[in-house]
Amino acid sequence: MKTRLQELRSRYWNNRPAHERRIIAIAFMLLLPIVYYFLLWQPAHRAVAKLHNTLPTLQAQAIKMQEQALEVDALRHRPEIASLDAAALKSSIADSASRHQLSTFVSSLEMQEPAGVRITCEAVSFALWINWLHVLEQEQHIRAAAISISPLPQPGQVKISATLTNGNSL
């Protein structure tokens, strides 16, 4: 490689007259700052400005990710929810419905194997239903796997058919 460079130097540079080499050197010295500016400094300057604009967003995202990592860690160490069989789930739902004055609206409560309960309410207040469903999920980890809601002519009244489950079933 070194011999090839020496060969190119002797063929193209050393064979030129002194005044021509001087003109080329001066032209090189004049073009070097322009090339440096357009190829190195200006793109770097733009990238730094762009990074200054995106840095606060990235820092906020990093903080949010750290908070989520702490939450994931806490959820991993949370005890697993015990799954109830269909009979125990039916009993638990019936007790909760009577405690929340919803038992008069429940028209049917049927077990579905392995661990589900089908509940039907012919006419119930939607707000009462939603609140009760929220309480079931918070207190007993019973959630709705499927819900069919039909509006009734009376304002705020609905007909509901739902399948409720506990734990990781269905």
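The values are calculated or read from the model by the stated rules, or taken from the named source; none is laboratory data. Predicted model, so just to flag it, every value in this text is computed and none were measured. Neighbour counts are summed over all protein chains in view; Cβ atoms, including those assigned to glycine, are modelled from backbone coordinates with ideal geometry. Ligands, DNA and RNA are stripped out before the accessible areas are found, and what is left, the full protein with its side chains, is counted by its heavy atoms. Shrake-Rupley method; radii C 1.70, N 1.55, O 1.52, S 1.80 Å.
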#### Entry: Pick from region 110-119, criterion in a strand (DSSP E or B) and of a type outside the set (V, I, T), ranking: surrounded by the fewest Cβ atoms within 10 Å (Cβ to Cβ)
E110
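Residues checked against (1) open to solvent by 100 Å² or more (accessible area, probe 1.4 Å); (2) in a helix (DSSP H, G or I); (3) at positive phi:
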site	(1), (2), (3)
H19	yes, yes, no
A27	no, yes, no
F38	yes, yes, no
P43	no, yes, no
D73	no, yes, no
L84	no, no, no
S91	no, yes, no
S103	no, no, no
S108	no, no, no
### Message
Just to be sure before I move on: is R9 modelled with pLDDT of 85 or more and surrounded by 10 or more Cβ atoms within 10 Å (Cβ to Cβ) in the structure I sent?
### Response
no
### Query
For region 120-149, how many residues are open to solvent by 50 Å² or more (accessible area, probe 1.4 Å) and either polar (S, T, N, Q) or touching a helix residue (DSSP H, G or I) at 6+ places or on another chain (Cβ under 6 Å) (or both)?
4
### Sole residue being of a type in the set (G, A, S) and modelled with pLDDT of 85 or more, chosen from A144, A86
A144
